[in-house]
Amino acid sequence: MRYGGSNPPLCTISLLDEWSVVDLSPAGSGRMWIAFAVLGALAVLVWHTMEPGKYRSMTWIFLGYFAFRVMLQRYRSR
C-alpha cells in the first residue's frame with residue numbers, strides 16, 4: 001500500500017498493490033510457480049490424452065524429472 005498522508009484519498013488505497021507484483025527474477029518464487037503450473041497442465045493433458053502404457057509412463061518420468069529440477073534450482077538459489 002502506498003502512503004497518502006494522514007488522510008489519504010480513497011483512490012490510493014488498494015489491497016491489490018502488494019499482491020499484483022510477481023517476482024520473476026531467477027531467485028524469485030514466481031518463476032517456480034509458473035513452471036509448476038505448466039508442468040501440472042502437461043500432466044493433466046498426458047493423463048487425459050495418452051493411453052496407459054510405455055509412452056505414458058515415460059512421459060510421467062520426464063515430467064517428474066523436470067519438477068525435481070525446478071525444486072532443485074529453487075533450493076540452490078536460496
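The values are calculated or read from the model by the stated rules, or taken from the named source; none is laboratory data. Quick caveat, the model's predicted, so the values are computed rather than measured. Glycine gets a Cβ as well: all are built from the backbone with ideal geometry, and neighbour counts include every protein chain shown. Calculation scope for accessible area: heavy atoms of the full protein, side chains included, ligands and nucleic acids excluded. Shrake-Rupley method; radii C 1.70, N 1.55, O 1.52, S 1.80 Å.
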Leu24, sole failed condition from (1) modelled with pLDDT of 85 or more; (2) open to solvent by 50 Å² or more (accessible area, probe 1.4 Å); (3) of a type outside the set (Ser, Thr, Tyr): (1)
Qualifying residues in the range 50-72 (those that are out of contact with any helix residue (DSSP H, G or I) (no Cβ under 7 Å at 6 or more places or on another chain) and open to solvent by less than 100 Å² (accessible area, probe 1.4 Å)) - the one nearest to Ser29 (Cα to Cα): Met71
